[in-house]
Amino acid sequence: MTVRAGIAGAGMVAAVHADAIRRAGASVVGVAASTPERSKAAAPRVGAGRAFDSAEELAVSDEIDVLHVCTPNALHGPLVRAALSAGKHVVCEKPLSLTGADSEALVELAASTGLVNAVPLVYRYHPMTVEARERVRRDELGPIRLIHGHYLQDWLARPEDNNWRVDPAVGGASRAFADIGSHWCDLVEWISGHRISELTAATQTVLAQRSAAGRETFTGSGDESPPESAETERIAVTTEDAVQVLFRTDRGATGALVVSQVSPGRKNRLWFEIDGAERSVSYDGENPESLLLGGRDRTEIVRRDALSEPANRINAVPAGHPWGYRDCFAAFTADVYAAIRDPRAFAEGAETDAQAVPAFPTFADAARTAHITDAVLASAAHRSWIEVS
Ligand SMILES: NC(=O)c1ccc[n+]([C@@H]2O[C@H](COP(=O)([O-])OP(=O)(O)OC[C@H]3O[C@@H](n4cnc5c(N)ncnc54)[C@H](O)[C@@H]3O)[C@@H](O)[C@H]2O)c1
């Protein structure tokens, strides 16, 4: 069966989804951007068969089997509800919704339909992060004591930088943490098997005002340009540019995380280290072809040519040929589409072997990150330790 996909949104990540859908042997039958004109302009760019007038029309169309939600965050919940109610499988970008409570409601709705639901927390699909997880699973590290790291970017470092993510009505109350801190937390919880159980956080809005220009675009190469008047207009900023978090896990480890979108020179530095009693493992997303496996007596660099079976399952290009972000998306989408082609295996697999098989992240995983985000905001507001729901 050729799975027929529709993509709501036509910006940076929509193009990545379109590529991954085709690599999964499916076809992109439709796309919808914010206006009919923008949908028309986007269709050739993402290789879609048809431009839909609106995302709402696309979500319920008989022409699609699965909806990919790649719009600004505030639209995720409504589009997911519409698509599930119309019997469509859904791949929704993170954050699944703007709060933990609403994300939980979407988890329940999806479960009641039996449809495939997935969220591209795609750093789980790098062979080296899978390898890190496997080293933990084989108990090479010993009891885990510390989990720490950071996720740093610089694309919002200047007052001229802006984006729809800055506006809480469109991006949500949390910006830096919901946007990228969520990826870090999902990844380290998935690798370590620990869950962040309580945390204390300090948020920082380093730029109190930003230019109104660029409010709608991410990379500047998207489909929407700001009006010229926006060049000089200033807007007040309420969402955070940076966050520092201390946390404890349900299995007795402690941790620390720095998240920032204002760190000059850091383009997408997702870095973590997990320290066990015997060994540590660390990963640097800007140099992702190796892992450092630390030890008191012997420290090894593990390269992408000597991996365990779970990591090799997705390791589709030989070492020396770098594995990229789009490859993570392609591997994720291949798993999701296998489940769409055989939803019974998806339901059974989720129940039986979630630990052994690198099952793709679902709405439940995204709801988990939304609860952590809620706890970060609550802790920063109350200046206190908060338990994560
Ligand atoms: N998983 C990841 O690694 C990852 C990476 C980047 C972005 N994302 C997520 O993907 C989503 C999109 O991010 P982006 O960076 O592609 O943003 P972007 O600004 O590049 O694109 C947003 C797109 O949404 C469209 N849009 C706006 N309003 C719309 C509407 N009413 N109906 C239909 N389309 C509408 C715009 O036309 C634009 O094409 C966000 O939720 C973001 O958090 C995830």
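Things to note:
- Sites Asp297 and Arg138 - FRET efficiency at Förster radius 22 Å, r taken between beta-carbons, to 0.05: 0.75
- Only helices enter this figure: runs of n ≥ 4 DSSP H residues, each worth -39500 (n - 2.57), summed and divided by the residues of the chain, yield -10000 deg cm²/dmol at 222 nm to the nearest 500.
- In nm, spacing of pseudo-spin labels at Ala202 and Ala105 (7 Å Cα→C-beta vector): 3.6
- HN-Hα J in Hz across the stretch 77-85 - Karplus 6.51, -1.76, 1.60, θ = phi - 60°, x for Gly and Pro: x, x, 6, 4, 4, 4, 5, 4, 5
- Length-normalised contact order for the stretch 249-389 - Cα pairs under 8 Å, 6+ apart - percent: 10
- Among residues other than Arg138 with Cβ under 12 Å from its Cβ, the summed charge is -2 (Lys and Arg +1, Asp and Glu -1).
- Measuring r between the beta carbons of Arg195 and Ala41 and using R0 = 45 Å, the FRET efficiency lands at 0.55.
- Karplus-derived 3J(HN,Hα), 6.51/-1.76/1.60, for each residue of the stretch 360-375, Hz, glycine and proline x: 6, x, 10, 4, 4, 5, 5, 5, 4, 5, 5, 5, 5, 4, 4, 5
- Anisotropy class of the stretch 27-75 from Cα gyration tensor, a/c 1.5 cut: rounded
- Here the spin labels are modelled as points 7 Å beyond Cα on the Cα-Cβ line, and at Ala306 and Ser389 they lie 4.6 nm apart.
- Across the chain, the convex hull enclosing all Cα atoms gives 132 Å³ per residue.
- 37 °C / 0.692 mPa s Stokes-Einstein diffusion coefficient of the stretch 4-122, Kirkwood radius on C-alpha pairs, µm²/s: 238
- The equivalent ellipsoid of the stretch 75-118 has semi-axes of 15, 11, 9 Å, largest first, where each one is the square root of 5 times an eigenvalue of the Cα gyration tensor.
- Among 293-303, 177-187, the peptide with the highest mean count of other Cβ atoms within 10 Å heads the list, and the full ranking is 177-187, 293-303.
- The order of the peptides 368-375, 285-292, 192-199 by mean Cβ neighbours within 10 Å, most packed first, is 368-375, 192-199, 285-292.
- Couplings 3J(HN,Hα) of the stretch 158-165, computed from phi: 10, x, 6, 7, 8, 5, 4, 4 Hz, in residue order, whole Hz [Karplus 6.51 cos²θ - 1.76 cosθ + 1.60, θ = phi - 60°; x for Gly and Pro].
The numbers here are math on the coordinates, done by the rules we state, and not lab data. Fair warning: this is a prediction, and the values are worked out from it, not measured in the lab. Glycine gets a Cβ as well: all are built from the backbone with ideal geometry, and neighbour counts include every protein chain shown.
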